[in-house]
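Everything on this sheet refers to the single structure shown next.
The values are calculated or read from the model by the stated rules, or taken from the named source; none is laboratory data. Quantities reported herein were computed from a predicted structural model and do not represent experimental measurements. Glycine also receives a Cβ, built like all others from the backbone with ideal geometry; neighbour counts cover every protein chain displayed. SASA here: full protein model, heavy atoms, side chains in, ligands and nucleic acids out. Shrake-Rupley method; radii C 1.70, N 1.55, O 1.52, S 1.80 Å.
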Number of protein chains: 4
Amino acid sequence: MPKVGMEPVRRAALVEATIAEIGAEGSLDVTVGSIAKRAGVSSGLAHHYFGGKDDLFLAAMAHILAGFHDEVRDALRNAETRRGRLDALVRASFAPSCFKPQTIAAWLNFYVMAQTSPRAEHLLHIYRARLRSNLLHALRPLTGKPEAMAETLGALIDGHYLRQALRAGAMGAPEATRLTLDALDDMLEAQ
Amino acid sequence: MPKVGMEPVRRAALVEATIAEIGAEGSLDVTVGSIAKRAGVSSGLAHHYFGGKDDLFLAAMAHILAGFHDEVRDALRNAETRRGRLDALVRASFAPSCFKPQTIAAWLNFYVMAQTSPRAEHLLHIYRARLRSNLLHALRPLTGKPEAMAETLGALIDGHYLRQALRAGAMGAPEATRLTLDALDDMLEAQ
Amino acid sequence: MPKVGMEPVRRAALVEATIAEIGAEGSLDVTVGSIAKRAGVSSGLAHHYFGGKDDLFLAAMAHILAGFHDEVRDALRNAETRRGRLDALVRASFAPSCFKPQTIAAWLNFYVMAQTSPRAEHLLHIYRARLRSNLLHALRPLTGKPEAMAETLGALIDGHYLRQALRAGAMGAPEATRLTLDALDDMLEAQ
Amino acid sequence: MPKVGMEPVRRAALVEATIAEIGAEGSLDVTVGSIAKRAGVSSGLAHHYFGGKDDLFLAAMAHILAGFHDEVRDALRNAETRRGRLDALVRASFAPSCFKPQTIAAWLNFYVMAQTSPRAEHLLHIYRARLRSNLLHALRPLTGKPEAMAETLGALIDGHYLRQALRAGAMGAPEATRLTLDALDDMLEAQ
DNA sequence: AATGAATGAGGATTCATTCAT
DNA sequence: GATGAATGAATCCTCATTCAT
């Protein structure tokens, strides 16, 4: 049964299974056994490749963030103007993939973990630094106080996400996108 | 050991202990035993009064929300103008009590729980409905689109809270308050 | 609330509640609390009057046996002949009251308890001695080996009871009565 | 510690330990931990293989019934005549193995469990159906009412077993065997 | 590489029992 | 007499983790 070159396949399967399992449960109260079963491997293998439960979840969160990063990069690539870049960043933040229940569950539990896990905190820091950098880059030509505006936009994005994510039967993305962009326009106009 | 009239005392002690314990741990991975010990009672008593671990946490969160509710009410009572009411709501949302580590831990875990626990979701819904109602009331005379503005302000509040709560060595409150009110002013001005 | 002369009432209520509770559960895995609640008293009172859970069950079993004893006595009182006395004993053993689910549950658990509880064993011994005595008295004029016949009849009664008691959707009583009396007649005839 | 091919060994050890533990206690009030310790394994393994306490007891009872089944089959194999088959069935029912305290404890608790556990009830049904079938087969040539006679013999067997099992310092087997066969002869003779 | 048998600590929960009132 | 608050031991079960194969 052991095959060569299976490692990347196994790792990917376990990461996907972890995300799915946390999504199904809503919390980190999932067992390594259930994750392994979903991935079609033994529980021992999960430890073999990831070391432990926390590492598994961190890898899963890193995977989600990497996916998000890719989406942002693609969106920015197609943006022509400064304003278009801001649009792209907001739209990517509220992409359908971000509102999948399993992604929501991952994010919320990620926030919990970030309080105490330095590694989770680090991941979160990277996500925020990237977003801030992207926002700053696009905002600088448009406003005299890009720092404050970037922080405000970041808060709007996180806040709308949190609200839509936990809104029963929410439309989610479109509403959040519209409100954020409207607020952005208002704030730019007021300068 | 049994004494009459102790019920409110025990309940309060258990609720406080639950908040403290969750704050110390950062997550809901706390034992009823440790909560009970902190409250100075037996683990059995926690079940006697609250039924189970979830009920205990829900009671703790309800306690936090009630405290917040009181703070908002007091702040509003002292507000003179419409604009002053908005100020009060924002300031109350970023009051020092909200940024105590144990309050932060409670909120973050509350969000996680709200995904799957109808009772937690209900509690969250009440908090949001109250905030929205308060914001709408103050915004209506100041803007032509109070609904959207209330939602945006709510998102700003939640977003800034989330960001400051998980910001290493953050000042928290003052920064969040200032940014939120500045954004509010910009948006009102742009109307 | 304390009233004088309530003791017999409370005791009776607790005994009845114990029988009902064991009947509902099928086993001795019932709580003193649930028994007390059913009896409309506090759990403390159950201990006050009976001392403990086992004592409560023993009292309940004694109550059942006493009721059975009364039924037997009444039945014998109306019996005219020797053969009629045997009939009466068999019929009383299979009376509807004996096949109430709660009575069945009590008996089966009583057997379990009799293995290790001297007091339960003693109660069982009394029941058997009485039955044996009654059977012997009625059988002596009818057979040359009354001892063996009494033992056989006793076994038939216990065996049929056990079988009907645990027979899904059993008629219970009539079948057991008929078979026992038929066997008795056959055996007497063969002498 | 993990070894391959140990499953049957572990299962057997756990089943034996369950029977022994219940026998020592007299009731089902035994802990999975004590059973596991007696079997020389961890408590977790008991759950791993059997799922839970009830399943463990059911497996133990099934084991006892299987052993009895084997004894009956062997006994029947050596029986030459119809009457000999009846003898064999009765003797097997009162074999020394049936009167071991642990077997008695298992049977009595099995009866209790059969009231509420469909699986226990099913097991009991199978035991009875087999006995009935065996008795009918042997009785048909000897009597005009084999059904009734089988039921009566079954009751005699169960009844004598119950009586001897709970008879202080009983001889058990021989007495029960003799009385049952005597009654059988009487009944056959009376035809 | 991969398995899954095996461990054993840990925790929620239940409950008989006690005792202050 | 009567209550029920309070205890805390007891137990089932879960699960991360290890490791022989």
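With respect to residue A:57, determine if the residue is within 14 Å of another protein chain (Cβ to nearest Cβ), crowded, with 17+ Cβ neighbours inside 10 Å and within 13 Å of DNA strand F (Cβ to nearest atom).
yes
Answer with yes or no whether residue D:93 is more than 16 Å from DNA strand E (Cβ to nearest atom), closer than 19 Å to residue D:153 by Cα and of a type in the set (Ser, Thr, Tyr).
Yes.
Tell me whether region D:58-80 contains one or more residues that are within 16 Å of DNA strand E (Cβ to nearest atom) and in a helix (DSSP H, G or I).
Checked against the condition, which is being within 16 Å of DNA strand E (Cβ to nearest atom) and in a helix (DSSP H, G or I), region D:58-80 yields at least one hit.
Out of the residues in region C:101-117 meeting the condition of being closer than 24 Å to residue C:174 by Cβ and of a type in the set (S, T, N, Q), tell me which one is most open to solvent (accessible area, probe 1.4 Å).
My answer is C:102.
Please go through region D:9-20 and give me each residue that is open to solvent by less than 80 Å² (accessible area, probe 1.4 Å) and basic (Lys, Arg), ordered by number.
If the condition is that a residue be open to solvent by less than 80 Å² (accessible area, probe 1.4 Å) and basic (Lys, Arg), then D:10 is the only one that fits.
Taking residue A:167 as the residue in question, decide whether it is within 12 Å of chain B (Cβ to nearest Cβ), more than 16 Å from the chain's Cα centre (by Cα), on the phi < 0 side of the Ramachandran plot and part of a loop (DSSP other than H, G, I, E, B).
yes
Please state which of the following conditions residue C:6 fails to meet, knowing it meets all the rest: (1) within 14 Å of DNA strand F (Cβ to nearest atom); (2) surrounded by fewer than 17 Cβ atoms within 10 Å (Cβ to Cβ); (3) aliphatic (A, V, I, L, M); (4) under 30 Å from residue D:109 (Cα atoms).
Among (1) within 14 Å of DNA strand F (Cβ to nearest atom); (2) surrounded by fewer than 17 Cβ atoms within 10 Å (Cβ to Cβ); (3) aliphatic (A, V, I, L, M); (4) under 30 Å from residue D:109 (Cα atoms), the lone unmet condition for residue C:6 is (4).
Can you work out which of the residues in region A:11-23 that are within 13 Å of DNA strand F (Cβ to nearest atom) and within 14 Å of chain B (Cβ to nearest Cβ) is nearest to residue B:118 (Cα to Cα)?
A:22
Which condition from (1) in contact (Cβ under 8 Å) with a residue 12 or more places away in the chain; (2) more than 7 Å from chain D (Cβ to nearest Cβ); (3) in a helix (DSSP H, G or I) is the one that residue C:108 breaks?
Status for residue C:108: all satisfied but (2).
How about region D:111-129: which of its residues are within 11 Å of chain C (Cβ to nearest Cβ) and among the basic types (Lys, Arg)?
D:128
Restricting to region A:45-54, name every residue that is of a type outside the set (A, V, I, L, M, F, W, C) and more than 8 Å from DNA strand F (Cβ to nearest atom).
Selection gives A:49 alone.
Does region D:18-34 hold any residues that are within 12 Å of DNA strand E (Cβ to nearest atom) and of a type in the set (A, V, I, L, M, F, W, C), and which are they?
Matches in region D:18-34: D:32 only.
Please specify each residue of region C:81-100 satisfying the condition of being open to solvent by 60 Å² or more (accessible area, probe 1.4 Å) and assigned to a loop (DSSP other than H, G, I, E, B).
C:81, C:100
Say we look at region D:30-44 and pick out the residues that are within 8 Å of DNA strand F (Cβ to nearest atom) and either outside any helix (DSSP H, G or I) or farther than 16 Å from residue D:19 by Cβ (or both); which of these is nearest to the chain's Cα centre (by Cα)?
Checked region D:30-44; the qualifying residue nearest to the chain's Cα centre (by Cα) is D:30.
Among the residues of region B:130-160, write down those that are open to solvent by 50 Å² or more (accessible area, probe 1.4 Å), farther than 17 Å from residue A:182 by Cβ and away from chain A (no Cβ under 12 Å).
Result: B:130, B:133, B:137, B:140, B:141.
As an exercise: evaluate residue A:82 against (1) touching a Pro at 6+ places or on another chain (Cβ under 6 Å); (2) charged (D, E, K, R); (3) free of Cβ contacts under 8 Å to residues at least 40 places away in the same chain and give the number of the one condition it does not meet.
That leaves (3) as the condition not met.
Among the residues that make up region C:37-54, is at least one of them in contact (Cβ under 8 Å) with a residue 60 or more places away in the chain and either open to solvent by 70 Å² or more (accessible area, probe 1.4 Å) or within 14 Å of chain D (Cβ to nearest Cβ) (or both)?
The answer is yes; a qualifying residue exists.
Of the residues B:120, B:148, B:129, B:168, which is within 23 Å of residue B:99 (Cβ to Cβ) and free of Cβ contacts under 8 Å to residues at least 24 places away in the same chain?
B:168
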